[in-house]
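Everything below concerns the one structure shown next.
Read the figures in this text as sums done on the coordinates, not as results from a lab. Here the structure is a predicted model, which is why all the values come from computation and not from measurement.
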Amino acid sequence: MRVRGGSETFLAWSSDPLPQGASVLVIDFRGFRQVDVIEWTDPLNASSGGADGAG
């Protein structure tokens, strides 16, 4: 996970299976480096094909 210009590692929990490398939104915090997430598509980048500009 990219945080404050660097990267940190978290154990992410999701109620639905997510593909490796999926963009996620943190929706809850379980404690030290554990978070609940959902799949996320940035609506501001939707028209450009995503964050990498592909598509």
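If the Kirkwood radius is taken over C-alpha pairs of region 2-42, then at 4 °C and 1.567 mPa s the Stokes-Einstein diffusion coefficient equals 119 µm²/s. Taking 0.36 nm per residue of separation and subtracting the Cα-Cα distance, full extension of the segment from THR9 to VAL26 would add 4.8 nm.
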